[in-house]
Amino acid sequence: TSLDDIKAKGKLVLGLDDAFPPMGFKDENQNIVGFDIDLAREVCKRMGVELVVQPISWDAKELELSTKNIDCIWNGMTYNEERAKSMTLSIPYMKNTQVTVVLTSSDVNTLADLAGKVVAIQNGSTASDAIDANADFKNSLKELVKVDDNVQALLDLKVSGSDAVVMDEVVARYYTEKEAGTYKILDETLADEDYIVGFRKGDKSLCAEVEKYLKEMAADGTLAKISETWFGK
Ligand code: ARG
C-alpha cells in the first residue's frame, strides 16, 4: 500500500511553493519553515518517518505528484472539485478566505471600485475559482493577470503593474503585518475555503494515516500550539 511504501522508504516528501508565508516559506537563513511544515513534521514524527521538503512550482503541483517527485502537496491548498478528481484529499485542517489586497495609498475600498482595473492572481490557485464565482466582479475588470507567486503579485502592485491582488487571507495578513502601512485588505471577501493535504490519486492508506494524526493533534492540543506560533491564536 501507499503507507507501506512510505514506511519502507522512511520518508515523506512534501511539495510546496516556498514563497507562501506563513504556511511554508524560506526564512532569512534559507530554511523552509511555516505552519504547514511544523504540522507535517509532527505528523511524520508520529508516523516514524523523516520529513523531506521539496520546493515546486505551484502551477505544476499535479504533475510533481503524479510523476512521484513528491508524495504530497501540503501548502495551504484549498479543496475544490477538480482537485478531488485528480488527487486523494485529506479532511480539512484549517479555514481560509480569498481576500483582495491593494496599496494603502489606493483609492480602491470595495470590489466595485475595481471596475475597469487590473487584478492579479497566482497561476493555478483557487483565487481564480473565487473570481469565477463572482461573475459581476469578474466582468467588471479590465484584465485578470496570472503570475507565478504571490511575492511577485504584491511587488507588481508597487510598480503599478496591477491594481489589486486576490489571494489567501493568511498570506495577505502576513504581508500586511510585515510591511506595515503598505497594503490594505478590502473588507468585502470573495470566498470561504478549506485547506486540505493532497496525495496521489489512490494513495488512500497514506492519506488515512495522516488524517489519523491530524485528528489526534487537534484533540491533544498540538494543532492549537502550532497555530499559536504562526497566527498568534
Ligand atoms: N489556497 C489557494 C489554492 O489552493 C492558493 C494556494 C497557493 N498556495 C501556494 N502554496 N502557493 O490554490
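Rule-based calculations on the coordinates, nothing more; no lab input. Predicted, not measured: the structure shown is a model, and the values here were computed from it. Neighbour counts are summed over all protein chains in view; Cβ atoms, including those assigned to glycine, are modelled from backbone coordinates with ideal geometry.
Computed values, structure above
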read-out: Residues whose placed amide H lies under 5 Å from that of residue 145, excluding near-sequence neighbours; value: 119, 120, 121
read-out: DSSP beta bridge pairing in the chain, given as percent antiparallel to the nearest 5; value: 60
read-out: Theoretical FRET efficiency, 1/(1+(r/R0)^6), r = Cβ-Cβ of residue 144 and residue 8, R0 35 Å, to 0.05; value: 0.20
read-out: Ranked packing of 107-117, 88-98, most packed first, by mean Cβ within 10 Å; value: 88-98, 107-117
read-out: Pairs from 95/233; 7/204; 45/201 whose Cα-Cα separation, in the structure shown, is over 18 Å; value: 45/201
read-out: Amide H contacts under 5 Å for residue 200, placed H, 5+ residues apart; value: 88
read-out: Which of 217, 170, 128, positive extreme of dipole for region 125-233 (C-beta unit charges); value: 217
read-out: For residue 56, distant residues with modelled amide H under 5 Å away; value: 16, 17, 18
read-out: Charge dipole magnitude, Cβ of K and R +1, D and E -1 - region 96-192, Cα centre, debye nearest 20; value: 240
read-out: Normalised contact order of region 96-192, rounded percent, pairs of Cα under 8 Å and 6 or more residues apart; value: 51
read-out: Net charge of neighbours whose Cβ lies under 14 Å from the Cβ of residue 189, counting Lys and Arg as +1 and Asp and Glu as -1; value: -4
read-out: Antiparallel DSSP beta bridges within region 1-136, percent to nearest 5; value: 35
read-out: Angle in degrees between helix 204-219 and the longest Cα principal axis of the chain, rounded to the nearest 10; value: 80
read-out: Burial order of peptide ranges 11-23, 139-151, 122-134, 60-72 (average beta-carbon count within 10 Å, highest first); value: 11-23, 122-134, 60-72, 139-151
read-out: Ordering of 200-210, 35-45 by packing [mean C-beta count within 10 Å, highest first]; value: 35-45, 200-210
read-out: Whole-number percent relative contact order across the chain, with pairs defined as alpha carbons under 8 Å at least 6 apart; value: 29
read-out: Cβ-based net charge around residue 225, under 11 Å, with every Lys or Arg adding one and every Asp or Glu removing one; value: -4
